[in-house]
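The values are calculated or read from the model by the stated rules, or taken from the named source; none is laboratory data. None of these values were measured; they are calculated from a predicted model. Note that we place each Cβ from the backbone using ideal geometry, even for glycine, and neighbour counts take in every protein chain shown.
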Ligand code: KG4
Ligand code: ZN
């Protein structure tokens, strides 16, 4: 069974082909990605209308590319999967529209996928896939969540951010340091030259006794420190503040992940979402987890941020687990706001 996956929820256009046969692990056949970073950089952030228009321009050429790479034609497809939400409404509609039009023309079923489930299951695309059950730390630009994952579609929310997401904390702090969009990777690069102990920054909710997060206060603290540095801070001072900010975010993410592992008794952690690409986070998690005999799984670095492969993979795993089936009504109702866990159970 060959699945075409389409991702267009924000500022990356992703298309991929995943092959799924029987109970074996689905396999990535090809994937192609176009990042809109250059286009949005002039505005300091994602401009939703420009994002939608660019998805329109990119999706069909990217679909041609993956078919060519895999050496097959549209007629070889068995199902078209697309990101149904959450994300930018217009951007989601472009992917959903293309998926449903293609599927209708080819008389194929379609399956709408939750973007966060795509991230959550993306480590299954790696050479060393996890096994259930595990604790998942989902850290993206819009979400910071700890979950217990017992199987495909069996997710229990353990804690989440009460305000800003970890990625947002990176992005907003980067902006305060005068770094270009997207701020997370830029701040991480600057932090390499800085001293993480140079500035004393808060670790919000570190000792709250629960698994929730809060990053809004940290951003305010970074703002205060950035103001103290004045209009023309030295390169070293900026690098020190970047390193101190990263250290604060990473410490909270690591400690809360360890607390979730401890409380659940599980010894497997999956880290997914764009912030999962952060090398300081990976280094600390690896060190702490090795110490405790916990296995940590990450997606391939290139599949940490948004991509079509994770959408095709999530569709393959949902079909394989029997928790979803393709539809043929081609009613592409996108869900810009869509919790992964609704009413305390699995995915709706
Ligand atoms: O998962 P993702 O691509 O998109 C969402 O679904 O939100 O995550 C994007 C987020 C952004 O906030 C970006 O700054 C952050 O991930 N990010 C990083 C790094 N790479 C991406 N944050 C810190 N360090 C990185 N290396
Ligand atoms: Zn994402």
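Would you check which residues across segment 188-224 are touching a strand residue (DSSP E or B) at 6+ places or on another chain (Cβ under 8 Å) and assigned to a loop (DSSP other than H, G, I, E, B) and list them?
Those that are touching a strand residue (DSSP E or B) at 6+ places or on another chain (Cβ under 8 Å) and assigned to a loop (DSSP other than H, G, I, E, B): 204, 205, 210, 211, 212, 214, 215.
Tell me, please, whether a residue that is closer than 30 Å to residue 179 by Cβ and buried (at least 18 other Cβ atoms within 10 Å of the Cβ) can be found in segment 62-79.
For segment 62-79, residues closer than 30 Å to residue 179 by Cβ and buried (at least 18 other Cβ atoms within 10 Å of the Cβ): present.
Does segment 269-286 include one or more residues that are buried (at least 18 other Cβ atoms within 10 Å of the Cβ), closer than 22 Å to residue 151 by Cα and away from ligand 2 (no atom under 16 Å from the Cβ)?
Taking every residue of segment 269-286 in turn, at least one turns out to be buried (at least 18 other Cβ atoms within 10 Å of the Cβ), closer than 22 Å to residue 151 by Cα and away from ligand 2 (no atom under 16 Å from the Cβ).
Of the numbered conditions (1) more than 16 Å from ligand 2 (Cβ to nearest atom); (2) over 23 Å from residue 227 (Cβ atoms), residue 198 satisfies every one except a single condition; which is it?
For residue 198, the failing item is (2).
Filter segment 131-153 down to residues that are within 18 Å of residue 251 (Cα to Cα) and away from ligand 2 (no atom under 16 Å from the Cβ), then give me how many there are.
2
Out of the residues in segment 180-228 that are free of Cβ contacts under 8 Å to residues at least 60 places away in the same chain and closer than 25 Å to residue 36 by Cβ, which is nearest to the chain's Cα centre (by Cα)?
183
Looking at the structure I just gave you, is residue 95 within 16 Å of ligand 2 (Cβ to nearest atom) and either surrounded by 22 or more Cβ atoms within 10 Å (Cβ to Cβ) or not in a strand (DSSP E or B) (or both)?
Details: within 16 Å of ligand 2 (Cβ to nearest atom): yes; either surrounded by 22 or more Cβ atoms within 10 Å (Cβ to Cβ) or not in a strand (DSSP E or B) (or both): yes.
When the stated conditions are applied, residue 95 passes them.
Can you confirm whether segment 59-67 contains a residue that is modelled with pLDDT of 95 or more, part of a helix (DSSP H, G or I) and under 18 Å from residue 141 (Cβ atoms)?
Taking segment 59-67 as the starting set, the residues that turn out to be modelled with pLDDT of 95 or more are 59-67.
Next, only the ones that are part of a helix (DSSP H, G or I) stay: 59-67.
Next, from what is left, pick out any that are under 18 Å from residue 141 (Cβ atoms): none.
Taking every residue of segment 59-67 in turn, none turns out to be modelled with pLDDT of 95 or more, part of a helix (DSSP H, G or I) and under 18 Å from residue 141 (Cβ atoms).
Just to be sure I understand, how many residues within segment 1-21 are surrounded by fewer than 17 Cβ atoms within 10 Å (Cβ to Cβ) and at pLDDT 95 or above?
1
Kindly establish whether residue 24 is surrounded by fewer than 23 Cβ atoms within 10 Å (Cβ to Cβ), on the phi > 0 side of the Ramachandran plot and more than 18 Å from the chain's Cα centre (by Cα). Lay out the reasoning, then the answer.
Numbers: surrounded by fewer than 23 Cβ atoms within 10 Å (Cβ to Cβ): yes; on the phi > 0 side of the Ramachandran plot: no; more than 18 Å from the chain's Cα centre (by Cα): yes.
When the stated conditions are applied, residue 24 does not pass them.
Just give me the residues in segment 253-268 being in contact (Cβ under 8 Å) with a residue 40 or more places away in the chain, closer than 24 Å to residue 187 by Cβ and surrounded by fewer than 22 Cβ atoms within 10 Å (Cβ to Cβ), in sequence order.
Result: 255, single match.
Kindly indicate whether any position in segment 246-258 is modelled with pLDDT of 95 or more and over 22 Å from the mean Cα position of the chain (by Cα).
no
Taking interchain pairs and intrachain pairs at least six residues apart, which have beta carbon atoms under 6 angstrom, with the first residue in segment 132-153 and touching a residue at least 12 places away in the same chain (Cβ under 8 Å) and under 19 Å from residue 274 (Cβ atoms) and the second assigned to a loop (DSSP other than H, G, I, E, B) and within 14 Å of ligand 2 (Cβ to nearest atom)?
138/273; 139/273; 140/273; 142/165; 143/165; 144/165
Are there any strands (runs of 3 or more DSSP E) wholly within segment 1-40 with 1 or more residues that are within 14 Å of ligand 2 (Cβ to nearest atom) and in contact with a helix residue (DSSP H, G or I) (Cβ under 7 Å, 6 or more places away or on another chain), and if so which?
Of the strands (runs of 3 or more DSSP E) lying wholly inside segment 1-40, those with at least 1 residues that are within 14 Å of ligand 2 (Cβ to nearest atom) and in contact with a helix residue (DSSP H, G or I) (Cβ under 7 Å, 6 or more places away or on another chain) span 2-7, 12-19.
Just the residues that are more than 16 Å from ligand 1 (Cβ to nearest atom) and closer than 18 Å to residue 13 by Cα, please, taken from segment 91-110.
Scanning segment 91-110 gives 93, 94, 96, 97, 98, 99, 100, 101, 102.
Being within 21 Å of the chain's Cα centre (by Cα) and more than 22 Å from residue 317 (Cα to Cα) narrows it down to one of 89, 81, 42, 32, so name that one. Working first, answer last.
Values: 81 fails: more than 22 Å from residue 317 (Cα to Cα); 42 fails: within 21 Å of the chain's Cα centre (by Cα); 32 fails: more than 22 Å from residue 317 (Cα to Cα).
Just a single option satisfies the conditions, and that option is 89.
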